[in-house]
Structures are given as C-alpha cells and as structure tokens.
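Report on one structure; see the data block that follows.
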Amino acid sequence: MLTLTNDMMRSIIMDHYSNPMNKHQPTSDKFEQIHMHSDNCIDDLNIFLLIENGIVTDACFDGVACTISTASTDIMCDLLKGKKIDEAKNIIKQYDNMIHEQPFDEEVLDEAIVFINTSKQAARIRCATIGWNAADAILKGK
Amino acid sequence: MYDIKKIREQFPMLNGKKMQGHPLVYLDNASTTFKPQCVIDATVKYYSEETANHHRGDYDLLYNMDQKVQKARQTVAHFVNSDAKEVVFTSGDTMSLNLIALSYGFQFLKKGDEIILSENEHASDLLPWYEVSHLTGAVIKFIPLDEEGRLTVDNLKKIISNKTKVISVAHVSNVLGNVVDIKAFAKVAHENGAILVVDGAQSVPHMKIDFKDADIDFLTFSGHKMCGPTGIGCLIGKYELLEKMWPYFVGGGMNVSFNKDIEMVPYEPPMRFEAGTQNIAGILGLKAAIEFIESIGVENIHVHDRELCEYALSKLEKCDDVIIYNKNAKNGIITFNKKGVFAQDEATLLNSKGIAIRSGQHCAKILNDFLGIPATCRMSTYLYTTKEDIDAFVDAVINGGDILDAYFN
Ligand SMILES: Cc1ncc(COP(=O)(O)O)c(C=O)c1O
C-alpha cells in the first residue's frame, strides 16, 4: 500500500496530466473503443482497451480533457494493463467506492488513491470517473 | 444613488450563504440570478393566499387572479415598451424561441428560403431553427463575426438576400457579451422583406429595451435571469405577426370553440399561445421582479455592470497569464482563460474559494471554433455584485494557485 503525502499526490496527478503516457491512438485495430463525453465538463474522450484471452493487455485514450479526467484516465490505463477481466472490474469498483466515499480496498488502487479527495469538489466527480466508466462499459459485456 | 448595501439586504442568497467554507461570491449571473424577498413573497403569496386558476370564472378568487395576470402583462409591456396584447407568457426564453420557430418559421417558410443566424448563438436560438430547416427545406446561413466576435450591420448586409425570411440573433451574446445594434438590424431585415427575432435573454435583464422604437419583430427573454422565478419567460411579438400565427401548443384556455369536424377556432393573441394552466406563481413573481428592477432603474444596472467589468478588466489586464476574449464588450460579462489552464480546472479552483463562475462552451458550441479553443471561463455580474466580489475574483484568478489546491488544501 502506498503512503502518500498531499505533495506527493499532487505531483502524481500533475505528472499524469502533463505527460500522460497512455494518451495516444491505439496501436492496432483490435482495440475495443468507447467514446464518452461529459455534460458538466467539456471532457470528450475515447477509451481503448485491448482484451486478449480474458486479459486486458493494453489500454490507452485520447481526446480533450481537464486535469482530473486526464490524470485519472492515464492512471487507470496503467492499472488495468495486464489484469484479468475480473480483476479489472474489481479495480474499477473499488475506485468508484473511493470516489463516492464508500469503504474500498486500497491495495488494488495503487496510484489511483490520489483521487481520494475528489468528493471535496463534487462538481468534478464526473471528471474523475469518466474514463473509468468507459472502461467499465467495455468490460461489462465480458 | 445606487445603494448596493440596501439592494443586497433584500436577497436571502446573499445574506451569509457560504460555499466551500467561504462567503459566496456569485459571478454566474448570465446563467441565472438570485431572487429578492419581494419576488419570493409574490410567488409564496400565490400559493398561501391567492391560489386560483386564471381565465374565465365565476367567483372572486378566480376573477381577482385573472385581473392580476392581466396586470402582470401590462407590467411586462411597460418594461419593454410593447402593447400588453403583444406579451405572451411562456416557460422561458427557450420556449419562446421554439414557439416562434414553430408558429412562424414552420408555418411560413418554404424550401429555398433563408434563415440567418450567427456563430455566437446559444443553442436555444440555433436548434429551433435547425428544426425549421429540416421541416421546411429552408437554408440556414451564418453572419460572419468580425475579428472581435461582433455582429455588424455590414456583415449582415453581405449575406442577406431577397430569399432571407428570418434573422434571429442574440441582442447580447452570452459568451462574449457583445451588443448587437438591433434597430439597425431590423431596418436591414425589413428592407429585404425579412423579420428580425431578438433573443433578449442576456439583454433584457441588463439594459433598457424599447420594442417599438427598435422596430424588431420578436423579442424573447427569461424571468430567472432578471431576479424572477424559473419556468417563466416572455415572447413579445408584433401584433400583426402574432395574429397570423397558428398556435401549435393547443388545449384548454386558448380556444373559442371546437367541434367534431376537427375544427378549432383559437382566441386572439396572446391567449391563443397560452394553452393550459399557466405558471401563475411565476407570472406574479416575474411582475415583482420587473417592479424591483424598475425601482433601481435598468439603466443604472447597466452602468453598474459596466463599472464592475471595467474595474475587473483594469486589474486582469495587468496579469500576463490571463487571456481576455472580450476586452471591448460593453456589458457585464468577462470571458477569459488562464494561460495553460484548462477552463474547468480554473472554475474548480475558484469554487474552492467560494467563487461561482462558469466554464465550458456556454451552450454556444459553434463559437469555440471561432475562438479556436475548447472552452472558456466566464464571469458575469448583476445588480447586486460588489467591488469586493470583483476583488475576490481577481485575486483568486491572479494569485489563486493551481487546481490541485482545490483538492489538497
Ligand atoms: C443568449 C441566450 N439565449 C437563450 C438562453 C436560454 O435561456 P433559458 O434557459 O432561460 O430558456 C440563454 C441562457 O443561458 C442565453 O444566454
């Protein structure tokens, strides 16, 4: 489990916002894709997951997005890569619990814990979850 | 004298309300406005002391209410200088524009006719005309904006033709705050055989409008943007146009007679456009709101908005990090971005300091193509905004730190 100070959390978010490693086009046409846009932010994102043999082998996104949605989606992509579908679904579930101030399992969230304060800015909950909801929608059918 | 303290005392939302632990600084008045006690009282009184339908009726309570609704119509008419019979109550600006599109556009436009709109229109003034275009085959054209995003008579003249039947524009843009010379627009429209629809959502609350003198054909606005209740607004239309227009919202209270041969005879305007029981509490609240505004003087409100924006601009312009998109707009709206900061992030930061502004596309999605940016921040003042509000806003924009302070402080 990560023990992070506020300053560390801030720099993790800023890192993933200024330099989102997973923000790019998919590398093949085998990726499954979902488009999401937010009605309270102008976030407008495409999420891409590559699922092979029950495992999320790659994840990326592109589009226009604010700090919170960019960083949270980028971190999510890191987290989902290499996970079995059930594990991936559970990570998303635990994240959702955290955002909505429900009991959650910190162990599986890793860096995503930096969004623990999202409820302080309730108007931005949508931004912190937009990429996650998209991934969840792709995984739902699996 | 403009007694801001006395004005503010009348607004419950301004008396001690906090946001994120800070005194609320409300600068999203282009979106909606707070209500003074007199408006709240007028609506509550309807429910607690005067409840009755309006229209025809045989008992005092109802007769009195009918009289009050007619009085409210006169109050609106006096406020914008129209005749009372030219005032149609609607649920708001959006419905007013839809009503015009349906009862005028759909009814009178045909294939090949032209509708002229602008790139800075609000969705509520674009989409009803898109429907008219789909239904009738009329063509939509956009007046090009000048380099500052303004609508000029010259640019209107460039695209108007004898096929143009309708021009519909916002008097004041809700994004850039520019004011259109509606009197000149009306003249050009009429010279070409077209009518001019003026979306007054952002102008009627803030400046004196003379419907007759400007010679415009339709004017629309919402009560909630001028200290009135939500769910009430007006359509002001030249009577000779209203008379020609068929009502498509039909039902009780709008017809003289109907029979089994599927015939219906509507009332004369404005009643024919008011099918069903109206938002009576809203009508009474709107009347109170107009009386409140008149007690201050709408011209004084305009001056107040201007002074505050000039003051804010004088400070913001000193900061290199702030981009302002409408330096020369003569209204209570400042549209800006902080360099390198996503608009929503700026708005969240200000929220964390108790300051309410808007970020996004402000329902004018086409305008962002013109500006070449995905979103802007907009702050907008009203009659109760203070210099201290502006100071708090400017300080937060210039010295406010970054968005993550909103999460970690
Ligand atoms: C220019 C303009 N037109 C139309 C509207 C729609 O007003 P309402 O939502 O009250 O119907 C607005 C409100 O934001 C506006 O600013």
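The values are calculated or read from the model by the stated rules, or taken from the named source; none is laboratory data. Note that the coordinates shown come from a computational prediction; the quantities given were computed from them, not determined experimentally. Don't worry about glycine lacking a Cβ; one is built from the backbone with ideal geometry, like all the others, and counts go over all protein chains shown.
Regarding the stretch B:43-51, can at least one residue be identified that is crowded, with 16+ Cβ neighbours inside 10 Å, more than 16 Å from the ligand (Cβ to nearest atom), within 20 Å of B:Lys208 (Cα to Cα) and under 24 Å from the mean Cα position of the chain (by Cα)? Within the stretch B:43-51 (the criterion being crowded, with 16+ Cβ neighbours inside 10 Å, more than 16 Å from the ligand (Cβ to nearest atom), within 20 Å of B:Lys208 (Cα to Cα) and under 24 Å from the mean Cα position of the chain (by Cα)), the answer is no, since none of the residues qualifies. Restricting to the stretch A:12-21, count the residues that are closer than 17 Å to A:Leu109 by Cα and either at the interface with chain B (Cβ under 9 Å from one of its Cβ atoms) or over 16 Å from the mean Cα position of the chain (by Cα) (or both). Qualifying residue count for the region: 1. B:Asp391 meets each of the listed conditions (1) at pLDDT 90 or above; (2) in contact with a Phe, Trp or Tyr (Cβ under 7 Å, 6 or more places away or on another chain); (3) not polar (S, T, N, Q) apart from (2). Scanning the stretch B:1-34 for residues that are in contact with a Phe, Trp or Tyr (Cβ under 7 Å, 6 or more places away or on another chain) and of a type in the set (D, E, K, R) yields a count of 1. Selection within the stretch B:161-171: residues that are under 10 Å from B:Val198 (Cβ atoms) and hydrophobic (A, V, I, L, M, F, W, C). The member of this set that is surrounded by the fewest Cβ atoms within 10 Å (Cβ to Cβ) is B:Val169.
Selection of the stretch B:208-223 for residues being in contact (Cβ under 8 Å) with a residue 60 or more places away in the chain and out of contact with any strand residue (DSSP E or B) (no Cβ under 8 Å at 6 or more places or on another chain) yields B:Lys208, B:Asp210, B:Lys212, B:Asp213.
Highlighted here are the strands (runs of 3 or more DSSP E) found entirely within the stretch B:85-147 that include at least 2 residues which are within 15 Å of the ligand (Cβ to nearest atom): B:87-90, B:114-118. For the stretch B:291-409, the strands (runs of 3 or more DSSP E) that sit wholly inside it and include 3 or more residues that are within 14 Å of another protein chain (Cβ to nearest Cβ) and under 23 Å from the mean Cα position of the chain (by Cα) are B:358-360, B:376-380.
Kindly indicate whether any position in the stretch B:381-399 is buried (at least 21 other Cβ atoms within 10 Å of the Cβ), touching a Cys at 6+ places or on another chain (Cβ under 9 Å), more than 30 Å from B:Gln37 (Cα to Cα) and in contact (Cβ under 8 Å) with a residue 12 or more places away in the chain. Taking every residue of the stretch B:381-399 in turn, at least one turns out to be buried (at least 21 other Cβ atoms within 10 Å of the Cβ), touching a Cys at 6+ places or on another chain (Cβ under 9 Å), more than 30 Å from B:Gln37 (Cα to Cα) and in contact (Cβ under 8 Å) with a residue 12 or more places away in the chain.
Within the stretch B:230-241, the set of residues being buried (at least 24 other Cβ atoms within 10 Å of the Cβ), more than 10 Å from the ligand (Cβ to nearest atom) and of a type outside the set (Val, Ile, Thr) comprises B:Cys234, B:Leu235, B:Gly237.
Given the options B:Glu263, B:Glu307, B:Glu291, name the one that is acidic (Asp, Glu) and within 21 Å of B:Asp66 (Cβ to Cβ).
None of the others qualify; the one that does is B:Glu291.
Screening the candidates B:Ala170, B:Ala186, B:Ala201 for the property of being away from the ligand (no atom under 15 Å from the Cβ), of a type in the set (A, V, I, L, M) and either away from chain A (no Cβ under 14 Å) or in contact with a strand residue (DSSP E or B) (Cβ under 6 Å, 6 or more places away or on another chain) (or both) yields one hit, B:Ala186. When B:Leu117 is tested against (1) crowded, with 16+ Cβ neighbours inside 10 Å; (2) touching an Asp or Glu at 6+ places or on another chain (Cβ under 8 Å); (3) more than 29 Å from B:Pro269 (Cα to Cα), exactly one condition is not met: (3).
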